Amino acid sequence: MDKKLKYIFEALRKKYPEPKTELHYSTPFQLMVAVILSAQTTDKQVNKVTEELFKYIKVPKDLVKFGAKKFEKAISGVNYYKTKAKNIFATAKILMNNEQ
């Protein structure tokens, strides 16, 4: 890593020793979903959309059981929801298959 980049990382670590996000989540999978949904959408809106959804979806298997169409409808409050739903669902399937 070059010196300038290392300096920047160290400065950020000092200023933000424990960085936090505005996104609400309780599992790593939920965080991944929320981060993908947050592109071109405010964190406030993502939290609004995921509040109910994350009661049912905690891990990839939960999302696959939930169903692609139902998931797409549940996230329709975020921008580009059709593309995001397709990509998140595909990622969940890959993660689920890799766990086996």
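Since every read-out is calculated from the coordinates, none of them should be taken as a lab result. All figures in this text were calculated on a predicted structure; none of them were measured in a lab. No Cβ is skipped: glycine too gets one built from the backbone with ideal geometry, and neighbour counts run over all protein chains shown.
The set of residues in region 24-35 being within 8 Å of the chain's Cα centre (by Cα) and either buried (at least 19 other Cβ atoms within 10 Å of the Cβ) or among the aromatic types (Phe, Trp, Tyr) (or both) consists of 29, 30, 33, 34.
If the condition is being β-branched (Val, Ile, Thr) and more than 22 Å from residue 24 (Cα to Cα), then region 54-100 contributes only 94.
Residues in region 1-33 that are of a type in the set (Lys, Arg) and in a loop (DSSP other than H, G, I, E, B): 20 only. Condition check for residue 39 on (1) in contact with a His (Cβ under 9 Å, 6 or more places away or on another chain); (2) in contact (Cβ under 8 Å) with a residue 40 or more places away in the chain; (3) not hydroxyl-bearing (Ser, Thr, Tyr): one failure, at (1). Once region 66-100 is narrowed to residues that are over 24 Å from residue 42 (Cα atoms) and exposed (fewer than 13 other Cβ atoms within 10 Å of the Cβ), the residue that is nearest to the chain's Cα centre (by Cα) is 94. Residue count for region 63-75 under the criterion of being in contact (Cβ under 8 Å) with a residue 12 or more places away in the chain and not in a helix (DSSP H, G or I): the result is 1. The test for being in a helix (DSSP H, G or I) and either among the β-branched types (Val, Ile, Thr) or without any contact (Cβ under 8 Å) to a residue 40 or more places away in the chain (or both) does not hold for residue 92. Where residues in region 40-65 are of a type in the set (Val, Ile, Thr) and surrounded by 13 or more Cβ atoms within 10 Å (Cβ to Cβ), which of them is nearest to residue 22 (Cα to Cα)? That would be 46.
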